[in-house]
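The values are calculated or read from the model by the stated rules, or taken from the named source; none is laboratory data. Please read these numbers as outputs of a predicted model, since none were measured by experiment. All Cβ positions, glycine included, derive from the backbone under ideal geometry; neighbour counts span all protein chains shown. To get the accessible areas, we keep the full protein, side chains included, count just its heavy atoms, and leave off ligands, DNA and RNA. Shrake-Rupley method; radii C 1.70, N 1.55, O 1.52, S 1.80 Å.
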Amino acid sequence: MAGLSVALNDGSHMPWLAFGSGTSLRDKDASKQISNAIKAGFVHIDCAQMYANEESVGNGIAQSGVPRSSLYLTTKLDKLAAGQTVRDALIASLARLKTDYVDLFLIHVPIVHEDIQATWTQMERCRLEGLTRSIGVSNFQTKHLEEILRVAVIPPAVNQIEFHPYVFKANKPLVKYMMDHNVVAASFGGLTPIARVKGGPLDSVLGRIAKRLSENRTATVTEGQVLQIWLRKKGIPCITTTSNANRMLEYLDVGRVPDITEEEEQEIDDVGSTVHHRFVTGPIGELKFYMANDRLSNALDTEL
Ligand SMILES: NC(=O)c1ccc[n+]([C@@H]2O[C@H](COP(=O)([O-])OP(=O)(O)OC[C@H]3O[C@@H](n4cnc5c(N)ncnc54)[C@H](OP(=O)(O)O)[C@@H]3O)[C@@H](O)[C@H]2O)c1
């Protein structure tokens with residue numbers, strides 16, 4: 001799995017599979033899980049200022065014994081404090097992470113920045129200074145991408161969005177726009193059909209495909225692995241996480257499972273499109289912090 005990566009528009013490559021310090025690790029000491037994930041074979045760590053645990057991610061990296069240069073580290077810009085610049089915020093992250101650069105720095109949420117074009121220009125300066133190798137965004141809709149592309153000297157390399165079969169249809173116009181503008185879509189929430197809305201129409205489809213892929217294989221292929229292979233087939237990086245050591249190995253094993261067929265991919269697209277579940281707008285969605293007036297959830301589902 002370590003070898004599988006996705007090319008970005010700035011010439012760099014992003015490892016396809018990432019271990020995240022959000023979800024159940026958010027606001028908690030993530031050092032042990034991060035260290036274990038790296039020792040197990042993850043090379044891409046996804047964290048964020050908003051998760052309030054970057055210090056422990058830095059500790060976990062140090063404890064793993066794996067050199068920083070062998071890892072790919074993503075972090076995300078939170079809402080800026082009064083008077084704080086993007087550079088200030090990134091320098092503070094670098095200190096917590098105990099590194100002098102990140103590989104990818106994302107604007108976490110568009111709506112918390114009053115002037116998104118000015119924020120983007122500051123992101124570009126961070127890249128030119130070498131504080132981050134690539135820059136991108138997260139949770140951006142088409143209109144936010146259009147806005148920054150009007151002023152961008154360096155276009156965003158990535159938009160990290162909720163992406164799984166139950167938002168496949170709703171995300172289609174956004175993903176098409178991103179493909180047209182050479183912005184890679186990275187997925188969080190990829191396991192939603194089995195982890196958050198089990199009992200949906202995909203259960204039997206995933207089960208059948210997992211059974212086929214398990215034939216002639218010692219380790220059984222799981223439904224979660226089928227969802228991750230669906231992302232892989234589309235060239236979409238998979239940002240996942242787990243609190244369970246066996247699950248880490250399951251995710252890493254995806255690299256050894258053969259592809260699904262074109263017909264299976266199409267079936268997951270079609271069956272997934274029959275329902276709509278966007279978990280980021282629900283009670284466990286991490287954007288709830290910014291959703292006191294429900295601006296984002298309304299916007300996401302009316303405009304995507
Ligand atoms: N940019 C953003 O706004 C944003 C939003 C959300 C997340 N993220 C990033 O993406 C990372 C991954 O987030 P995610 O939670 O959305 O990833 P995900 O891959 O959709 O889900 C991972 C979760 O699924 C559970 N899971 C896995 N297999 C399961 C199974 N067979 N049955 C039931 N549960 C199962 C795991 O629970 P166990 O712990 O029990 O294994 C884990 O908590 C985060 O840590 C964060 O870094 C970014």
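Determine whether the range 257-267 contains at least one residue that is closer than 16 Å to G41 by Cβ and in contact (Cβ under 8 Å) with a residue 40 or more places away in the chain. Looking for residues that are closer than 16 Å to G41 by Cβ and in contact (Cβ under 8 Å) with a residue 40 or more places away in the chain, one finds at least one in the range 257-267, hence yes.
Condition check ((1) closer than 20 Å to G255 by Cβ; (2) under 20 Å from the mean Cα position of the chain (by Cα)) across all residues:
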position: H13; (1), (2): yes, yes
position: K28; (1), (2): no, yes
position: S31; (1), (2): no, yes
position: H44; (1), (2): yes, yes
position: D78; (1), (2): no, yes
position: V86; (1), (2): no, no
position: K98; (1), (2): no, no
position: T121; (1), (2): no, no
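The set of residues in the range 220-255 being surrounded by fewer than 19 Cβ atoms within 10 Å (Cβ to Cβ) and either touching a Leu at 6+ places or on another chain (Cβ under 9 Å) or free of Cβ contacts under 8 Å to residues at least 24 places away in the same chain (or both) consists of T220, S243, N244, N246, R247, L252, G255.
Only one residue in E147, E124 is open to solvent by 50 Å² or more (accessible area, probe 1.4 Å) and either more than 20 Å from D10 (Cα to Cα) or in a helix (DSSP H, G or I) (or both). Which one? Give the derivation first.
Working: E124 fails: open to solvent by 50 Å² or more (accessible area, probe 1.4 Å).
Selected residue: E147, the only one of E147, E124 that is open to solvent by 50 Å² or more (accessible area, probe 1.4 Å) and either more than 20 Å from D10 (Cα to Cα) or in a helix (DSSP H, G or I) (or both).
Just to be sure, is V57 open to solvent by 10 Å² or more (accessible area, probe 1.4 Å), within 16 Å of the ligand (Cβ to nearest atom) and either under 19 Å from the mean Cα position of the chain (by Cα) or modelled with pLDDT under 95 (or both)? The answer is no for V57.
Looking at I45, I34, can you tell me which residue is within 12 Å of the ligand (Cβ to nearest atom), assigned to a helix (DSSP H, G or I) and open to solvent by less than 50 Å² (accessible area, probe 1.4 Å)?
Just a single option satisfies the conditions, and that option is I34.
Of all residues in the range 128-164, those being small (G, A, S), more than 10 Å from the ligand (Cβ to nearest atom) and under 14 Å from the mean Cα position of the chain (by Cα) number 2. Those helices (runs of 4 or more DSSP H) of the range 192-263 in which 2 or more residues are within 21 Å of the chain's Cα centre (by Cα) and at pLDDT 95 or above occupy 192-195, 223-233, 245-253. State yes or no: is S69 polar (S, T, N, Q), assigned to a helix (DSSP H, G or I) and closer than 13 Å to V43 by Cα? In short, yes.
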